[in-house]
Amino acid sequence: MDGMGEGIVPTDITDLGHEVFQIDTRMAGYDGITAGYLIRADRPCLVETGTAPSAPVVRDALARLGIGAGDLATVVVTHIHLDHAGGAGDIAAMFPAAQVVVHQRGARHLADPSMLMASARMVYGAALDRLFGVLAPVPADRIVALDDIGTVDLGGGRRLDSHYSPGHAKHHVGLVDSDTGDLYVGDAAGVYLPETGDVRPATPPPDFDHETALASVRKFAALQPARLLFSHYGPVSEVSQTLDRSAEEITVWVEETRQAHGEGLDLDHAVAMVRERTRYRYAACSPDADPAIAEKFERLSGAVGTVEGIMAWLSKTRS
């Protein structure tokens with residue numbers, strides 16, 4: 001992949017305070033698409049690995065932050081989609097002392113990624129290697145499987161508390177830092193575009209479920225976090241407003257897709273209709289918006305995958 005591997009330009013690292021650092025994983029060579037987060041606590045912890053080709057990017061960023069091969073204690077992924085956990089096997093090899101923490105529904109797929117990779121290959125075809133690479137297996141004895149509520153020890157009395165949050169994926173967790181109140185939201189609250197403040201739903205097949213997704217957003221609100229740390233992309237301090245907007249956007253996209261589904265439109269026509277009927281909701285899609293920002297927004301949350309996941313859910317529920 002362009003810009004990946006040895007000799008890459010150093011990635012962006014942002015100090016978020018309290019020994020938390022945002023790392024741009026440079027997914028597919030792009031800036032600002034997927035973030036990993038280092039918590040440089042007594043037991044250093046990486047939240048999200050990014051894709052497999054991002055692993056050298058993350059390794060080099062950690063080195064710049066003083067975390068060498070033997071220093072990383074824990075890697076936690078919010079869920080096993082390849083943009084969040086595709087680098088888990090490679091990072092595990094690079095940091096041999098680290099445990100890899102995942103919800104119990106995703107643990108077996110990190111140990112044996114063959115089914116996950118085969119499914120992804122069916123969806124993405126030849127583009128899979130460019131976008132995500134190949135998830136290498138994580139040694140089973142280094143995987144820690146979380147229950148619906150769990151704890152990750154960061155040392156010195158600091159911890160991450162995990163909260164099961166399906167709807168986007170059946171293996172999704174949110175993580176709250178006991179020291180900062182930060183909530184690592186993964187994709188359960190959608191994606192966030194820092195340039196405009198837009199929030200858009202993340203509803204890919206096959207696991208999207210409307211009511212379950214809304215329940216997870218409500219759970220996040222009840223946790224009363226101090227800040228939301230989006231994997232796509234970055235920190236947000238306007239917690240209540242952003243979570244309200246997240247729930248609203250999920251429902252709007254479901255309603256618009258339901259109409260297209262009810263009219264018998266195929267996926268391409270449904271996407272075109274829903275994209276047109278929702279575009280006014282986003283500053284990134286306004287007529288005077290920077291085209292580069294609009295393009296980035298589509299990369300963060302493509303309308304095709306969003307509508308496709310909702311249509312798959314509608315077909316299962318016969319709504």
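Annotations
- Among Asp147, Asp83, Asp266, the largest mean-square fluctuation in a Gaussian network model of the chain, built with springs joining Cα atoms closer than 10 Å, belongs to Asp266.
- Among the GluC sites (Glu not before Pro) found in region 210-319, those both in a DSSP coil and sparsely packed, with 13 or fewer other Cβ atoms within 10 Å of their Cβ, are Glu238, Glu263.
- Considering only Gln104, Gln241, Gln224, the Gaussian network model of the chain with Cα springs below 10 Å gives its largest mean-square fluctuation to Gln241.
- The equivalent ellipsoid of region 123-198 has semi-axes of 26, 21, 13 Å, largest first, where each one is the square root of 5 times an eigenvalue of the Cα gyration tensor.
- Apolar share of the accessible surface for the chain: 51 percent from carbon plus sulfur atoms, 1.4 Å probe.
- Folded to 0 to 90 degrees: helix 114-124 orientation relative to the chain principal axis, Cα: 40 degrees
- Tilt relative to the chain, helix 291-300 - C-alpha long axis, 0 to 90 degrees, to 10: 70 degrees
- Probe 1.4 Å, accessible area per residue of the chain, Å²: 40 Å²
- Candidate aspartates and glutamates for bridging to Lys170, where Cα separation is under 14 Å - those fewer than 8 sequence places away on the same chain excluded: Asp147, Asp148, Asp187, Asp207, Asp209, Glu211
- Angle in degrees between helix 303-317 and the longest Cα principal axis of the chain, rounded to the nearest 10: 70 degrees
- Spin-label model, Ala127/Asp268: points 7 Å from Cα along the beta carbon direction are separated by 1.5 nm.
- Between Ser178 and Glu295, the FRET efficiency from the beta-carbon distance, with R0 = 51 Å, is close to 0.85.
- Difference of contour (0.36 nm per residue) and Cα-Cα distance, Ala215 to Asp15: 68.9 nm
- Rounded Å value of the spacing that divides the Cα centres of region 18-60 and region 260-319: 28 Å
- Label-point gap, in nm, between Tyr30 and Asp147 - each point 7 angstrom along Cα→Cβ: 3.9 nm
- Helix-only mean residue ellipticity at 222 nm for the chain, each DSSP H run of n ≥ 4 adding -39500 (n - 2.57), per residue, nearest 500: -11000 deg cm²/dmol
- Projected onto its three principal axes, the C-alpha set of the chain covers 57, 42, 39 Å, listed from the longest axis down.
- Total formal charge among the other residues, if their Cβ is under 11 angstrom from that of Val236, Lys/Arg +1 and Asp/Glu -1: 0
The values are calculated or read from the model by the stated rules, or taken from the named source; none is laboratory data. Keep in mind that this is a model prediction, so the values were computed, not measured. Cβ sites come from the backbone with ideal geometry, for glycine too, and all protein chains shown count toward neighbours. Surface areas here come from the heavy atoms of the whole protein model, side chains and all, with no ligands, DNA or RNA. Shrake-Rupley method; radii C 1.70, N 1.55, O 1.52, S 1.80 Å.
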